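One structure is given here, and the rest of the page talks about it.
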Amino acid sequence: MRRVGILTSGGDCQALNATMRGVAKSLYNMFDDVEIIGFEDGYKGLMYADYQIMKPSDFSGILTQGGTILGTSRQPFKQMRVPDENGLDKVESMKHTYRKLKLNCLVILGGNGSQKTANLLSQEGLNVVSLPKTIDNDLWGTDMTFGFHSAVEVAANAIDCIHTTAASHGRVFIVEVMGHKVGWLTLYAGISGGADIILLPEIPYDIHAVCDAITKRTKAGKSFSILAVAEGAISREDASMTKKALKEKKKNGIVYPSIAYEIGARIREVTGSEVRVTVPGHMQRGGEPCPYDRVLATRLGAAAARLIADEEYGYMVALKNNEITKVPLSEVAGKLKTVDPNCSMIKEAKMVGISFGDE
Ligand code: F6P
């Protein structure tokens, strides 16, 4: 009997279920004697042995279903070595459950923090295979994470909807896009949604350059402007400050709900425009996975099952040049894939007139 544990960790996204389905269907097709154990709510389920023995039917009909049938939770990597409220060592607890259930391996679907924990567990001697999940697309080692393109669709759709109302009222609209510390989601959503200005964490903005871009549009007879702003966007001024000085500045300044509101206030002040802010927030992680993600999820899931069949552990399956490959977990852990400000996509976006608030 081959026993495979599986868990989904960190913030959810579209295509988690589709990916688990890919792993499970491939395993059931390859082996007659495989048992899949689903841990509930991420690493927490592994720590406290909260699990269910899955049936093949559990993985049927979930290709298009958002969220995760196993539940998920955020277990900060930094606290992995801090004992829990009962004084139990979390890593030891996870190893204990793994051994008690006589697992052959553990399949982990997760983003950055979860991959670090996956690597830790692998270093601790567990057989681990992981899959790249996140709407942020910030995982090193893969061209694309599942969830990203579905989130792009939601964010782009929000910008599409804003277009008609912005045009009717002649206003400046700011759409704040998720993405944590990187700008992938904003870049793709901004370009596909036809945003006029895109602000990314990787390209600190100059508020005067942003306002100039708006004024230029007004002078050219455009009654409205749409900004796609990454939740992690930062001004040049703030980017040049030390963490301590920035904290002090924030403590003594006006407190805005988020960066989009701060930028909105500055635009209002400098240009006198009527500004509105829209924050789609967690909607970007919700709903059905788009067809691209369903395909990616299926391919990654099958590739993970292949690694299990070959007993190749300590890897994350990844997409490189449209081929599915594997990357050692030790190379993935702790690295962020950010947008290169000099990449051709930024240059092409600038060629069609999009401003990044930097010139
Ligand atoms: O990592 C996915 C993500 O949606 C980020 O884009 C965002 O910064 C964060 O999670 C939000 O986390 P939470 O769901 O814990 O509020």
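Since every read-out is calculated from the coordinates, none of them should be taken as a lab result. Here the structure is a predicted model, which is why all the values come from computation and not from measurement. Heads up, the Cβs are rebuilt from the backbone with ideal geometry, glycines too, and the neighbour counts pull from every protein chain shown.
Between the C-alpha center of segment 332-359 and that of segment 245-314 there is a gap of 16 Å. The listed peptides 272-280, 85-93, 146-154, ordered by packing as a protection proxy, come out as 146-154, 272-280, 85-93 (highest mean of other Cβ atoms within 10 Å first). Its Cα gyration tensor gives the chain an equivalent ellipsoid; the semi-axes, largest first and in whole Å, are 41, 22, 17.
The reciprocal of the average 1/r between distinct C-alpha atoms defines the Kirkwood hydrodynamic radius, which for segment 119-161 equals 12.3 Å.
The Cβ shell under 14 Å around Thr64 holds other residues with a net charge of -1, Lys and Arg each +1, Asp and Glu each -1. Protection proxy ranking, highest mean first, for peptides 232-243, 306-317: 306-317, 232-243, where packing is the per-residue count of other beta-carbon atoms within 10 Å, averaged. Relative to the longest principal axis of the Cα atoms of the chain, helix 16-30 runs at roughly 30 degrees.
For segment 149-285, rounded, prolate or oblate, judged on the Cα gyration tensor with a ≥ b ≥ c (square roots of eigenvalues), a/c < 1.5 rounded, else prolate if a/b > b/c? It comes out oblate by the Cα gyration axes. Each Cα pair under 8 Å and six or more residues apart adds its separation to the average, and for the chain the resulting relative contact order is 23 percent. Restricting the chymotrypsin sites (Phe, Trp or Tyr not before Pro) of segment 16-65 to loop positions (DSSP other than H, G, I, E, B) with no more than 15 neighbouring Cβ atoms within 10 Å leaves Phe31. Rounded to the nearest 10 degrees, the angle from helix 207-219 to the longest Cα principal axis of the chain is 60 degrees.
Taking only the alpha-carbon positions of segment 213-359 and ignoring solvent, what does the Debye formula give for the base-10 log of I(q)/I(0) at q = 0.13 Å⁻¹? Normalising to I(0) and taking log10 leaves -0.93.
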